[in-house]
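Working notes, beginning with the structure itself.
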Amino acid sequence: MSQQPRSPVAYVLKRYPRLTETFILNEIRAMERLGERLHIFSLLPPEPPPHHPMVAEVRAPVHVPPDGWRARARVTIVAHMAMLRAFPGRYVRSATLAMARTLTSRHPVSLWRQFARAGVVADTCRREGVRHIHAHFANAPTSVAHFAHRMSGIPFSFTAHAKDIYLSRPMILRRHLHAAQFVATCTAYNAAYLRQVAPRLDPRRVHLVYHGIDLQSFACAEARSMKPAGHRARVLAVGRLVPKKGHEDLIGACALLRDQGVEFECEIVGSGPLHEALLGEVHRRDLTDRVRLCGAMTHRELITRYREADLFVLAPRIADDGDRDGIPNVIAEAMAVGVPVVATDVSGIPELVRHGQTGLLAPSREPAALAAAMKRLIDDRELGDCLARAARDVLHRDFDLWQTTRGLHDLMRQPRCCATDAAPREAGTARVEVSAPVIGEGVQ
């Protein structure tokens with residue numbers, strides 16, 4: 001007798017597909033490989049091409065808002081009327097709650113936009129027999145998932161990342177944390193912060209789930225020792241051109257290296273609002289023969305750049321508005337190819353870049369310290385190779401995509417009312433102790 005297929009899981013994302021969110025795409029691919037049926041809800045229209053080729057591997061239907069406000073209004077009204085008929089009590093309580101929160105909301109229009117979207121998500125999930133809703137990012141997608149849960153009774157969870165945590169009001173984060181079946185986050189640094197935001201929450205409801213790397217997609221570059229003497233070191237940085245990435249500090253470090261007579265060239269891959277300002281900084285420092293801004297690339301193109309690089313450098317900082325990275329996926333990708341890494345000691349980065357063990361760390365906003373770390377690995381290739389080997393071992397142990405996704409998958413399959421005790425485990429060399437993933441208590 002054949003086993004009945006398990007009911008599907010819904011993923012709520014701000015925009016899908018998105019070139020800069022490879023970690024979500026990889027997780028979705030891994031979920032499907034684990035046998036999960038998915039529905040993907042993109043709150044905004046997809047980004048225009050280019051898209052990662054891996055998008056074509058995803059089998060899940062993608063629900064996107066229709067074009068034109070009339071079509072969107074019609075779909076929204078039909079969905080909300082359907083939810084009102086199906087679950088009148090839940091729907092009225094949800095609408096009443098939304099009206100009450102309007103009084104304290106700083107962005108009431110946004111609140112009602114998420115409520116409107118939630119009706120469409122809830123109705124589709126009801127019709128498709130979805131058993132669980134999972135959102136990525138603790139802002140708009142989680143607000144939609146939370147309202148959809150209240151309307152439908154379908155349990156929800158979310159993964160919190162970086163900007164969505166530190167730029168959200170603690171009061172709103174607390175609401176989501178207490179209502180979710182469980183919460184995942186990608187660094188021990190984030191997990192500690194979330195537990196501080198909601199001190200009455202059972203800390204075991206917050207789970208450390210690192211962004212996994214599909215190690216099968218990466219092969220180590222040829223041994224760097226085979227490169228000829230006098231070879232000009234190729235330095236690579238990857239990240240959106242936004243303040244928190246610290247590219248200005250990297251350009252400053254490159255100027256210092258040039259003045260010290262270090263032979264290198266640096267490519268910065270990414271796009272964003274600071275493109276013209278950073279290009280101006282390159283010209284101002286007379287680095288046009290050393291530093292290039294290469295624009296955004298697909299994952300396939302990026303892997304080629306990793307394999308050609310001698311050193312990967314990223315200089316994240318905490319932006320003036322509090323925005324910051326977690327553990328940028330590009331650091332793990334560079335390590336997976338076998339490239340030595342230099343990074344700054346912001347947020348969760350030291351959980352992967354362990355100074356003197358898997359890479360070198362420098363204080364953020366200090367170009368001179370960054371330049372010194374870069375010069376050390378450019379000059380000492382044997383040290384770089386040793387750090388790169390150790391880094392890949394850590395990836396295999398703690399950041400393998402199939403293992404990290406399996407942990408998240410297991411959480412989604414557990415009954416809502418279960419909780420088990422587990423001893424704390426240490427998250428690498430993180431500065432906080434994190435409980436091992438266990439099944440959370442029931443929705444409150």
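The values are calculated or read from the model by the stated rules, or taken from the named source; none is laboratory data. Small disclaimer: the values here were computed from a predicted structure and weren't measured. Using ideal geometry, Cβ is built from the backbone for each residue, glycine included, and neighbour counts are taken over all protein chains shown.
Residue-wise test of (1) surrounded by fewer than 24 Cβ atoms within 10 Å (Cβ to Cβ); (2) in contact with a strand residue (DSSP E or B) (Cβ under 9 Å, 6 or more places away or on another chain); (3) in a loop (DSSP other than H, G, I, E, B).
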| position | (1), (2), (3) |
| --- | --- |
| ASP286 | yes, no, yes |
| GLU301 | yes, yes, no |
| GLY322 | yes, no, yes |
| VAL353 | no, yes, yes |
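Restricting to region 170-188, what's the tally of residues that are outside any loop (DSSP other than H, G, I, E, B) and either surrounded by fewer than 19 Cβ atoms within 10 Å (Cβ to Cβ) or in contact with a helix residue (DSSP H, G or I) (Cβ under 7 Å, 6 or more places away or on another chain) (or both)? Walk me through it before giving the result.
Within region 170-188, the subset outside any loop (DSSP other than H, G, I, E, B) is 170-179, 183-185, 188.
Filter once more, so that each one left must be either surrounded by fewer than 19 Cβ atoms within 10 Å (Cβ to Cβ) or in contact with a helix residue (DSSP H, G or I) (Cβ under 7 Å, 6 or more places away or on another chain) (or both): 170-171, 173-179, 183-185, 188.
The total comes to 13.
For region 250-269, how many residues are over 21 Å from GLY384 (Cβ atoms) and buried (at least 23 other Cβ atoms within 10 Å of the Cβ)?
Step one: of region 250-269, the residues over 21 Å from GLY384 (Cβ atoms) are 251-252, 255, 259.
Pick out the ones that are also buried (at least 23 other Cβ atoms within 10 Å of the Cβ) and you get 251.
The number of residues fulfilling the criteria is 1.
Listed residues ARG413, ARG406; which is touching a strand residue (DSSP E or B) at 6+ places or on another chain (Cβ under 9 Å) and more than 21 Å from VAL342 (Cα to Cα)?
Values: ARG406 fails: touching a strand residue (DSSP E or B) at 6+ places or on another chain (Cβ under 9 Å).
None of the other options fit; the residue is ARG413.
Of the residues that make up region 104-113, is at least one hydroxyl-bearing (Ser, Thr, Tyr), over 22 Å from ALA60 (Cβ atoms) and in contact with a Leu (Cβ under 6 Å, 6 or more places away or on another chain)?
First pass over region 104-113, keeping only residues hydroxyl-bearing (Ser, Thr, Tyr): 104-105, 110.
Then drop every residue that is not over 22 Å from ALA60 (Cβ atoms), which leaves 104-105, 110.
Then drop every residue that is not in contact with a Leu (Cβ under 6 Å, 6 or more places away or on another chain), which leaves 105.
So far as region 104-113 goes, yes, one or more of its residues are hydroxyl-bearing (Ser, Thr, Tyr), over 22 Å from ALA60 (Cβ atoms) and in contact with a Leu (Cβ under 6 Å, 6 or more places away or on another chain).
For region 51-92, give me each residue that is part of a helix (DSSP H, G or I), without any contact (Cβ under 8 Å) to a residue 40 or more places away in the chain and not aliphatic (A, V, I, L, M).
Once the filter is applied, which keeps residues that are part of a helix (DSSP H, G or I), without any contact (Cβ under 8 Å) to a residue 40 or more places away in the chain and not aliphatic (A, V, I, L, M), region 51-92 yields GLU57, TRP69, ARG70, ARG72, ARG74, ARG85, PRO88, GLY89.
From ALA315, ALA277, ALA309, grab the single residue that is among the hydrophobic types (A, V, I, L, M, F, W, C) and in contact with a Gly (Cβ under 6 Å, 6 or more places away or on another chain). Give the steps one after another, and end with the answer.
Numbers: ALA277 fails: in contact with a Gly (Cβ under 6 Å, 6 or more places away or on another chain); ALA309 fails: in contact with a Gly (Cβ under 6 Å, 6 or more places away or on another chain).
After ruling out the rest, the residue left standing is ALA315.
Within region 21-31, is even one residue surrounded by 20 or more Cβ atoms within 10 Å (Cβ to Cβ) and part of a loop (DSSP other than H, G, I, E, B)?
yes
Is it the case that region 248-265 has a residue that's in a strand (DSSP E or B), closer than 22 Å to ARG324 by Cα and aliphatic (A, V, I, L, M)? Outline the logic, then answer.
Initial filter on region 248-265 (in a strand (DSSP E or B)): 264-265.
Still in the running and closer than 22 Å to ARG324 by Cα: none.
No; the residues of region 248-265 include none that is in a strand (DSSP E or B), closer than 22 Å to ARG324 by Cα and aliphatic (A, V, I, L, M).
Quick one: which residue in ARG307, ARG300, ARG284, ARG324 is in contact with a Cys (Cβ under 9 Å, 6 or more places away or on another chain), over 17 Å from LEU370 (Cα atoms) and assigned by TED's automatic domain parsing to the domain that holds ILE349?
Working: ARG300 fails: in contact with a Cys (Cβ under 9 Å, 6 or more places away or on another chain); ARG284 fails: in contact with a Cys (Cβ under 9 Å, 6 or more places away or on another chain); ARG324 fails: in contact with a Cys (Cβ under 9 Å, 6 or more places away or on another chain).
Answer to the check: ARG307.
Within region 303-320, can you find the residues that are in a helix (DSSP H, G or I) and touching a residue at least 24 places away in the same chain (Cβ under 8 Å)? Lay out the reasoning, then the answer.
Initial filter on region 303-320 (in a helix (DSSP H, G or I)): 303-308.
Passing the criteria: ILE303, ARG305, TYR306, ARG307, GLU308.
How about region 189-205: which of its residues are surrounded by 20 or more Cβ atoms within 10 Å (Cβ to Cβ) and not in a helix (DSSP H, G or I)?
Answer for region 189-205, where residues must be surrounded by 20 or more Cβ atoms within 10 Å (Cβ to Cβ) and not in a helix (DSSP H, G or I): there is none.
I'd like to verify a number: residues in region 137-164 that are among the hydrophobic types (A, V, I, L, M, F, W, C), under 19 Å from SER105 (Cβ atoms) and either in a helix (DSSP H, G or I) or in contact with a Lys or Arg (Cβ under 8 Å, 6 or more places away or on another chain) (or both), how many?
So the count comes out to 7.
Would you confirm whether any residue within region 127-136 is in contact with a Leu (Cβ under 9 Å, 6 or more places away or on another chain) and assigned to a helix (DSSP H, G or I)?
no
Taking the stated definitions as given, is ALA419 modelled with pLDDT under 95 and touching a Gly at 6+ places or on another chain (Cβ under 8 Å)? Please lay out each step first, then the result.
Working: modelled with pLDDT under 95: yes; touching a Gly at 6+ places or on another chain (Cβ under 8 Å): yes.
So ALA419 fits the description; yes.
Among the residues in region 119-128, are any in contact with a Cys (Cβ under 8 Å, 6 or more places away or on another chain), in contact (Cβ under 8 Å) with a residue 24 or more places away in the chain, within 26 Å of ALA160 (Cβ to Cβ) and buried (at least 22 other Cβ atoms within 10 Å of the Cβ)?
Residues of region 119-128 in contact with a Cys (Cβ under 8 Å, 6 or more places away or on another chain): none.
No - not one qualifying residue is present in region 119-128.
In region 51-65, how many residues are modelled with pLDDT under 95 and surrounded by 14 or more Cβ atoms within 10 Å (Cβ to Cβ)?
Result for region 51-65: 4.
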